[in-house]
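J.: Here it is: the structure, laid out below.
Readers should treat all values here as calculations from the given coordinates under stated rules, not as data from a laboratory. These numbers were taken from a predicted model, which means no experiment stands behind them. Here the Cβ is made from the backbone with ideal geometry for all residues, glycine too, and neighbour counts use every protein chain on show.
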Amino acid sequence: GLVNGDGEAEARIDELEKQLGGTISESYLQRARHEESNGQHAEAARSYTRAARGSPSADVLRSAAECYLKAGTELRLASELAREAVQMAPDRTDLRLSLAKIYEAAGMPQSAVRELERALALTPGSDKIKQWLKRLERAGV
């Protein structure tokens with residue numbers, strides 16, 4: 001019966017770690033929202049990133065990326081986080097627009113255009129996306 005007992009203990013430990021991971025993510029998320037509402041964008045970005053590591057979600061990844069963008073720092077990391085969000089939910093136009101915005105801010109207009117074209121394919125009627133593409137094309141991309 002001892003071996004069986006060990007298996008149960010291990011399963012319980014796994015379960016606890018899962019719950020704990022969720023709890024830690026939740027507290028990082030609350031902290032991130034608080035920091036963001038106080039305009040502490042760089043701090044919020046870090047907290048959102050930690051929350052996403054504990055329980056990955058496209059929205060939390062996007063929030064992290066957008067906060068780095070607002071802070072004007074870590075744009076490379078921001079683009080990686082936004083890309084990760086897009087990979088989790090490839091059919092969401094809003095995530096692709098976030099990524100395009102970050103690419104543009106990071107001085108990567110070709111990449112921005114590529115994401116905008118994908119976003120337009122998902123939302124063919126969007127004038128906002130068409131205007132954004134025109135603006136980038138006028139800038140000579």
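J.: Express the C-alpha Rg of the chain as a ratio against the empirical globular expectation 2.2 N^0.38 Å, rounded to two decimals.
T.: Its radius of gyration relative to the 2.2 N^0.38 Å reference: 1.34.
J.: Once fully extended, how much extra length lies between Ala139 and Arg12, figured as 0.36 nm per residue of separation less the alpha-carbon to alpha-carbon distance?
T.: 39.9 nm
J.: Further question: Provide the FRET efficiency to the nearest 0.05 for the Lys130-Asn38 pair, computing r from the beta carbons and using R0 = 30 Å.
T.: 0.25
J.: When the chain is treated as a GNM, springs tying every alpha-carbon pair under 10 Å, which of Leu120, Leu99, Leu61 comes out with the largest mean-square fluctuation?
T.: Most flexible of the set in this elastic network: Leu120.
J.: Could you work out how much longer the chain between Ser27 and Ala121 gets when fully extended? Use 0.36 nm per residue separation minus the Cα distance between them, nm to one decimal.
T.: Length gained between Ser27 and Ala121: 30.1 nm.
J.: First select every other residue whose beta carbon is under 14 angstrom from the beta carbon of Ala85; then total the charges, Lys and Arg +1, Asp and Glu -1.
T.: Net of charged neighbours comes to 0.
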